[in-house]
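Input: a single structure, listed below in structure tokens.
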Amino acid sequence: MVDLERVLDEAGLTNPSVREYVAHWAGVTGAERVEVVSAADDARLIQEALDDGELLPAGEGRYYSRSFYKDTARAEERTIVATSDEADKGIYNNWKPAAEMKPKLIELMTGASAGKTMYVIPYLMAPQGSPLERFAAGVELTDNRNVVLQMIRMARVGVEFINDLGDSFVRAVHVTGDLANLGQGTPDDKRYFVTVADERTILHFGSSYGGNALLGKIAHGLRQGAYDGWKNGFLVEQFMLLGITDKETGAKYNICGGFPSASGKTNLAMTLAPDALGDRYYVEFYGDDIAWLWVGEDGKLYGMNPEYGVFGVAKDTNEKTNPTAIDSIVPGTGAIFTNVAYNTKTQEVWWEGRGDKPTDLDGWTDWKGDVIADRTGDEVDAPWAHPNSRFTTTLANVPNVAGDFEDPAGVEIHGIIFGGRTRDREPLVRAINDVAEGVYDGLTLGAEATAAADGLEGVLRYDPMSMRPFMSYSEADYAAHWLEVIGRATTKPIFAHVNWFQRGEDGRFLWPGYRENLRPLVWLMQYKNGEVSGVETPVGVIPAREELNLEGLDEQALADLDTVLTIDVERWQQEMGHREKHLAQFDGLPEAIWEAHRRVEDALNQA
Ligand code: GTP
Ligand code: SPV
Ligand code: MN
């Protein structure tokens, strides 16, 4: 082991608590070298990764990487929240005693980075100067260079972010492990992704992919953040955040909201106004996956995106669905593509939904690195890119990123929306004026059971506020915390439920979605301002057809519009039974939530 003190001195890492932490884990993991990184090291580390073949060039200033083929997504069943208080146990947080988990992880990590470099990544999940700064600082230790490159894109990285924060930083230890021998998905699975929330310590072993390995993002930015928020009066959610400026009036509205993973947060957050509305409205991007919300001294609700980049799903991203995303990963952006298809001769990348599949197979390899032209039998039709393949790019590359995205003051939140994939019942948008009913709506958010998730047809996989995989304490406390925080705001945001995914009998989407989604959001803000009055229904206020701006909307959408603006009372009554069972799992759920449930139920029964 090198002279650690000298390495830390040379890197300017002066925070004594951080130094002690680094020394401790360097000892446990047995790393051969320690290197402290900052964003300024990016070019050198990229070059090292290219030289080692860990990254491949994907055109000018863009890079390609593959993760181990059994390590391509978050592993919910191996993800655990551990604390010393059993009262923190919820239905979804996979709670275990800290005293049981810590020794397990220490054992797995002991000596596991032998021969490797341990990178020290001091990071901040907030703009510097944010009122939540002391909850946003962390130091990730990782034995994986690609994780460093991803973290530099996804977080603010450098010693300057943590030197003055004393002990207020999250200890986030990542050890890759021997990926080929971890039994991923078998009864002998050796991976453990543990957040010891009451010690602000994250211990992840056995992956180098996404949320399993970039610990600032999901583990700190959501799980640890949510726990800290609960104890300190703010909210941390898997939310996108966007701003809409009405160029005619000069008014600006900021809307955040939760959609379960892979339900279109990135698309919505990066959306552009539809052509017909482009002269009047301008949409700004703040964030696509995480928002932290707090009540300011002026009684308004504020929000910010703690991330510094986008880790977006590649599949179906193209000029039509998400032109902004395409522009944010062009040559020169430093974007990293993971697990998409790659052409070894032309250095092009491709994924399903990117556009026409290349017809000349020369040079093309799939996400596993296998040559496409060599495929036989069933393999021929297999996807070229992994369905969870992603691109990583910094916020500054997104053409419509908000001018004030780095403002530590955050932005006022005017609306909170929830949306999932629901093929029937959920209208395009329904506004909810009452706070408890809004929180109730978030708690009963769900998406259709997919082929991957077991479930009964027509029964949603409930995903409270889209936080099911990231919940760090009990759902009853989570509901109470929401009521408390929003209750404290003297200027309240409006809630709404949206659905872009209703289908016709022939299976087609009844709403064209994507850029057109701005229309219901504009209506929501007009409704909040009292400019339109909508139609009262038992489950909220929906737009009267003529209140929506329909200029330039296509014929089919106009024909389907009445269906997506209708409440099917019978289907809703059926849903209420499922909701009751879902909510009944949560012991001690606030009475205000049950009251909201009964109010909606009674209104449906009287409809
Ligand atoms: P995570 O990063 O996993 O948290 O997911 P996300 O919420 O950012 O999801 P993402 O934007 O990657 O979801 C993409 C999927 O939603 C793709 O299959 C899109 O085609 C689909 N999608 C997004 N917006 C719309 C829409 O308005 N209508 C329809 N029908 N599909 C949409
Ligand atoms: C998600 O799965 O919701 C993500 C990707 O945003 S990951 O960072 O891998 O969790
Ligand atoms: Mn997500």
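The values are calculated or read from the model by the stated rules, or taken from the named source; none is laboratory data. Source: prediction; values computed, not measured. Cβ: placed from backbone, ideal geometry, glycine included. Neighbour counts: every protein chain shown.
Across the stretch 254-269, what is the total count of residues that are more than 8 Å from ligand 1 (Cβ to nearest atom) and of a type in the set (Val, Ile, Thr)? I'd like the intermediate steps shown before the answer.
Here is the first cut: in the stretch 254-269, the residues more than 8 Å from ligand 1 (Cβ to nearest atom) are 254-258.
Remaining after also requiring of a type in the set (Val, Ile, Thr): 255.
Qualifying residue count for the region: 1.
Among (1) touching a His at 6+ places or on another chain (Cβ under 9 Å); (2) free of Cβ contacts under 8 Å to residues at least 24 places away in the same chain, there is one condition Arg430 misses while meeting the rest; what is its number?
Tallying (1) touching a His at 6+ places or on another chain (Cβ under 9 Å); (2) free of Cβ contacts under 8 Å to residues at least 24 places away in the same chain, Arg430 fails exactly one: (2).
Tell me the residue from Lys265, Lys247 that is touching a strand residue (DSSP E or B) at 6+ places or on another chain (Cβ under 8 Å) and more than 14 Å from ligand 2 (Cβ to nearest atom), please.
The match here is Lys247.
For the stretch 178-193, state whether one or more residues are within 20 Å of Ser65 (Cα to Cα) and hydrophobic (A, V, I, L, M, F, W, C).
yes
Determine if the stretch 192-199 includes at least one residue that is touching a Ser or Thr at 6+ places or on another chain (Cβ under 6 Å), within 14 Å of ligand 2 (Cβ to nearest atom) and more than 22 Å from Val157 (Cα to Cα). Let's see the steps before the verdict.
Our first condition is that a residue be touching a Ser or Thr at 6+ places or on another chain (Cβ under 6 Å); within the stretch 192-199, this holds for 193, 197-198.
Subset that is within 14 Å of ligand 2 (Cβ to nearest atom): 193.
From the residues that got through so far, the ones that are more than 22 Å from Val157 (Cα to Cα) too are 193.
Yes, that holds for at least one residue.
Do we find that Asp356 is free of Cβ contacts under 8 Å to residues at least 40 places away in the same chain and over 30 Å from Gly410 (Cβ atoms) in this structure?
Considered against the rule, which asks whether it is free of Cβ contacts under 8 Å to residues at least 40 places away in the same chain and over 30 Å from Gly410 (Cβ atoms), Asp356 comes out as yes.
Residue by residue through the stretch 520-559, note down the ones that are surrounded by 14 or more Cβ atoms within 10 Å (Cβ to Cβ) and at positive phi.
Gly534, Gly540
Let me confirm something: among Gly185, Gly129, Gly111, Gly115, which residue is closer than 25 Å to Ala291 by Cα and touching a residue at least 60 places away in the same chain (Cβ under 8 Å)?
Step by step, each of Gly185, Gly129, Gly111, Gly115 is checked, and only Gly129 is closer than 25 Å to Ala291 by Cα and touching a residue at least 60 places away in the same chain (Cβ under 8 Å).
On the given criteria, is Met154 of a type outside the set (S, T, N, Q), within 16 Å of ligand 3 (Cβ to nearest atom) and more than 30 Å from Gly53 (Cα to Cα)?
no
Somewhere in the stretch 340-350, is a residue buried (at least 24 other Cβ atoms within 10 Å of the Cβ) and within 16 Å of ligand 1 (Cβ to nearest atom)?
The answer is yes, given that some residue of the stretch 340-350 is buried (at least 24 other Cβ atoms within 10 Å of the Cβ) and within 16 Å of ligand 1 (Cβ to nearest atom).
Out of the residues in the stretch 212-222 that are in a helix (DSSP H, G or I) and away from ligand 1 (no atom under 14 Å from the Cβ), which is farthest from Glu76 (Cα to Cα)?
Gly216
When the residues of the stretch 390-424 are narrowed to those that are within 16 Å of ligand 3 (Cβ to nearest atom) and in a loop (DSSP other than H, G, I, E, B), which ends up farthest from Phe239 (Cα to Cα)?
Looking at the filtered set, the residue picked out is Arg421.
Which members of the stretch 492-514 meet the condition of being in contact with a helix residue (DSSP H, G or I) (Cβ under 8 Å, 6 or more places away or on another chain) and either acidic (Asp, Glu) or more than 19 Å from Glu426 (Cβ to Cβ) (or both)?
Scanning the stretch 492-514 gives Lys492, Pro493.
Filter the stretch 293-315 for residues that are within 16 Å of ligand 3 (Cβ to nearest atom), of a type in the set (D, E, K, R) and over 16 Å from Ile336 (Cα atoms) and give the result.
Glu307
Within the stretch 171-186, does at least one residue satisfy the condition of being modelled with pLDDT of 95 or more and under 19 Å from the mean Cα position of the chain (by Cα)?
yes
For the stretch 253-268: of the residues being buried (at least 24 other Cβ atoms within 10 Å of the Cβ) and hydrophobic (A, V, I, L, M, F, W, C), which is farthest from ligand 3 (Cβ to nearest atom)?
That would be Ile255.
Name the single residue that is surrounded by the most Cβ atoms within 10 Å (Cβ to Cβ) among those in the stretch 316-339 being away from ligand 3 (no atom under 16 Å from the Cβ) and hydrophobic (A, V, I, L, M, F, W, C).
Phe337
I need the full set of residues from the stretch 213-227 which are more than 13 Å from ligand 3 (Cβ to nearest atom) and in contact with a His (Cβ under 8 Å, 6 or more places away or on another chain), in order please.
Within the stretch 213-227, Ala213, Leu215 meet the criteria.
Could you tell me whether Ala112 is within 16 Å of ligand 1 (Cβ to nearest atom) and surrounded by fewer than 22 Cβ atoms within 10 Å (Cβ to Cβ)?
No: the conditions fail for Ala112.
Search the stretch 402-420 for residues that are under 16 Å from Lys300 (Cβ atoms) and pair each with any residue that is among the basic types (Lys, Arg) when their beta-carbon atoms are under 7 Å apart and the residues are at least 6 apart or on different chains.
Note: pairs meeting the criteria are Glu412/Lys300; His414/Lys528; Gly415/Lys528.
Tell me which strands (runs of 3 or more DSSP E) are completely within the stretch 443-546 and hold 2 or more residues being modelled with pLDDT of 95 or more and more than 30 Å from Arg78 (Cβ to Cβ), or say none if there are none.
Counting at least 2 such residues, we get 494-498, 535-537, 540-542.
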